Amino acid sequence: MDALLIDYRDPLFAILLIAGMVFIIAFASFWWGVYVKSRKSRRLQRFLKRFETHGVKKSLESMPYTPEMTKPLVLLAHAYEKSGEYNNAIEIGLYLLEHIEDEATIYEIMELVGTTYMHAGFLERARTTFLQILKSNPRNKRVLNNLMVVYERLHDFKRAKEVIEPLEALGVDVDDLKIYLQLKTILTDTGLEHEKKIEKVVSLYKKEKKFDRIVFEYLLKSEPGRAWEMVREANIDQLIDIFWYLPASFMDYDKIKRSPKLCAIYGARGDIDPSPPIGWFLIDMLNHLKKTGFNDATLQFAYLCKSCKQQFPLPFERCPRCMALDSVIVEREITKVINETGYNIL
């Protein structure tokens, strides 16, 4: 027994014991890393098997993959995605995911694939992709935001609100998002009585003074009287297209007569007598043309995102390109009247 204790106290024995423990820990860590990598690889393969592929991806598979191909193909996928050729962008992304091994690049490509699915309207596929990324990168702000947009488009506002919490914890300003989702929840609540829905919308708008376009489009369609009560001279500029396309049966002539801007709009449209100049160049020009008897000119609108500066032919709550919220700028130009039924924004 004493001999054993002496051996135990031997410094060489202690060094061997520590070395053995380090080896065991290193060995265990190595195989744990292999296991985790293998698990991620299997998870990625299961993810890829969910989506059928054809076209570009099959053409690429005929070529041997080399790491030098990654960067050019990523740039090509981004170019396809920006030009609206979503299928080609997705095919390239899925091809790369089958071959690249760098973890950071894998998640970059998965984000591209998910974003492309979202823009293409494949919302369930986009949701699946974003959730797959968040399993390993739960602090990715862009992916969290895109996941919230997907839930929003699926009208799953409960889950969209749940995504706000981690975004807020990551330091993202979510005040407008909360108001927006609250407003959308009210507007899509089929179990809410019409009068209560109107009161909730009006109450929220009076409190926050946000999302004028959503509120006025809804009220002018469902409760015009309440809408006209809330019209302010300051927000007419941003709602000019809504008032321009408003059917005559929805108009409140008493309110219009008290507003120089509304008088100018409906004078230019021809519903009332042309108005004097108010400083809106195109509207003033149309009013002047009406006074001279020329009635073959009208207004045409386009919609610019003040965030990404892209222009679209239709209004939007979120920019279709960059997903910015409430970023629309209404642009107008004079065009020749075409004999057609017209587009009613309501």
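The values are calculated or read from the model by the stated rules, or taken from the named source; none is laboratory data. Here the structure is a predicted model, which means the values were calculated and not measured. Here the Cβ is made from the backbone with ideal geometry for all residues, glycine too, and neighbour counts use every protein chain on show. Note: accessible area is taken over every heavy atom of the protein model, side chains too, but ligands, DNA and RNA are not part of it. Shrake-Rupley method; radii C 1.70, N 1.55, O 1.52, S 1.80 Å.
Each row is one residue, and each column tells you yes or no for (1) more than 27 Å from residue 149 (Cα to Cα); (2) of a type in the set (Lys, Arg); (3) touching a Cys at 6+ places or on another chain (Cβ under 6 Å).
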position: 205; (1), (2), (3): no, no, no
position: 223; (1), (2), (3): yes, no, no
position: 237; (1), (2), (3): yes, no, no
position: 241; (1), (2), (3): no, no, no
position: 257; (1), (2), (3): yes, yes, no
position: 269; (1), (2), (3): yes, yes, no
position: 281; (1), (2), (3): yes, no, no
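Condition check: open to solvent by 60 Å² or more (accessible area, probe 1.4 Å) and out of contact with any Cys (no Cβ under 8 Å at 6 or more places or on another chain). Does residue 315 satisfy that?
Values: open to solvent by 60 Å² or more (accessible area, probe 1.4 Å): no; out of contact with any Cys (no Cβ under 8 Å at 6 or more places or on another chain): yes.
Spelling it out, it is not the case that residue 315 is open to solvent by 60 Å² or more (accessible area, probe 1.4 Å) and out of contact with any Cys (no Cβ under 8 Å at 6 or more places or on another chain).
If residue 34 satisfies every condition in (1) at pLDDT 75 or above; (2) assigned to a helix (DSSP H, G or I) but one, which is the exception?
Failing condition for residue 34: (1).
Looking at this structure, is residue 214 at pLDDT 95 or above and either closer than 22 Å to residue 264 by Cα or touching a strand residue (DSSP E or B) at 6+ places or on another chain (Cβ under 7 Å) (or both)? So that I can check it myself, show each step before the final result.
Details: at pLDDT 95 or above: yes; either closer than 22 Å to residue 264 by Cα or touching a strand residue (DSSP E or B) at 6+ places or on another chain (Cβ under 7 Å) (or both): no.
No; evaluated as a whole, the condition is false for this residue.
What number goes with the only condition from (1) open to solvent by 70 Å² or more (accessible area, probe 1.4 Å); (2) in contact with a Cys (Cβ under 8 Å, 6 or more places away or on another chain); (3) farther than 30 Å from residue 117 by Cα that residue 276 does not pass?
(2)
Just name the residue that is farthest from residue 73 (Cα to Cα) out of those in region 105-130 that are assigned to a helix (DSSP H, G or I) and open to solvent by 60 Å² or more (accessible area, probe 1.4 Å).
Taking region 105-130 and keeping what is assigned to a helix (DSSP H, G or I), we get 105-120, 123-130.
Next, only the ones that are open to solvent by 60 Å² or more (accessible area, probe 1.4 Å) stay: 108, 124-125.
Numbers: 108: 13, 124: 25, 125: 22 Å.
Across region 105-130, the extreme among qualifying residues is 124.
Those residues that are among the hydrophobic types (A, V, I, L, M, F, W, C) and at positive phi, I need them from region 191-248; list them, please. Steps first, answer last, please.
First pass over region 191-248, keeping only residues among the hydrophobic types (A, V, I, L, M, F, W, C): 192, 198, 201-202, 204, 211, 214-216, 219-220, 227-228, 230-231, 234, 236, 239-240, 242-244, 246, 248.
Answer for region 191-248, where residues must be among the hydrophobic types (A, V, I, L, M, F, W, C) and at positive phi: just 211.
Which condition does residue 299 not pass, out of (1) outside any helix (DSSP H, G or I); (2) open to solvent by less than 40 Å² (accessible area, probe 1.4 Å); (3) over 22 Å from residue 213 (Cα atoms); (4) touching a strand residue (DSSP E or B) at 6+ places or on another chain (Cβ under 9 Å), if it passes all the others?
(3)
Please identify the pairs in which a residue from region 122-140 that is more than 15 Å from residue 167 (Cα to Cα) has its Cβ atom under 7 Å from the Cβ atom of a residue that is assigned to a loop (DSSP other than H, G, I, E, B), counting only partners at least 6 apart or on another chain.
Within 7 Å, the pairs are 123/154; 125/51; 128/50; 133/140.
Would you be able to say whether some residue in region 54-64 is touching an Asp or Glu at 6+ places or on another chain (Cβ under 6 Å), at pLDDT below 90 and of a type outside the set (Val, Ile, Thr)? Step through it out loud before you land on a result.
Step one: list which residues in region 54-64 are touching an Asp or Glu at 6+ places or on another chain (Cβ under 6 Å), which gives 55-57.
When the remaining residues are screened for being at pLDDT below 90, the result is 55-57.
Add one more test, that the residue is of a type outside the set (Val, Ile, Thr), and what stays is 55, 57.
Yes, that holds for at least one residue.
Within region 139-159, restricting attention to residues that are open to solvent by 80 Å² or more (accessible area, probe 1.4 Å) and assigned to a loop (DSSP other than H, G, I, E, B), which residue is nearest to residue 189 (Cα to Cα)? Walk me through it before giving the result.
Pass one, region 139-159, residues open to solvent by 80 Å² or more (accessible area, probe 1.4 Å): 139, 141-142, 153, 155, 158-159.
Now narrow it down to the ones that are assigned to a loop (DSSP other than H, G, I, E, B): 139, 155.
Numbers: 139: 31, 155: 10 Å.
Among residues in region 139-159 that are open to solvent by 80 Å² or more (accessible area, probe 1.4 Å) and assigned to a loop (DSSP other than H, G, I, E, B), the one nearest to residue 189 (Cα to Cα) is 155.
Can you find a residue in region 194-201 that is among the acidic types (Asp, Glu) and closer than 14 Å to residue 325 by Cβ?
Start the filter on region 194-201 by keeping residues that are among the acidic types (Asp, Glu), which leaves 195, 199.
From the residues that got through so far, the ones that are closer than 14 Å to residue 325 by Cβ too are none.
Within region 194-201 (the criterion being among the acidic types (Asp, Glu) and closer than 14 Å to residue 325 by Cβ), the answer is no, since none of the residues qualifies.
List pairs: first in region 190-202 and closer than 18 Å to residue 217 by Cα, second surrounded by 10 or more Cβ atoms within 10 Å (Cβ to Cβ) and of a type in the set (Asp, Glu), Cβ under 8 Å, 6+ apart or cross-chain?
Going by the 8 Å Cβ cut-off, the qualifying pairs are 197/189; 198/223.
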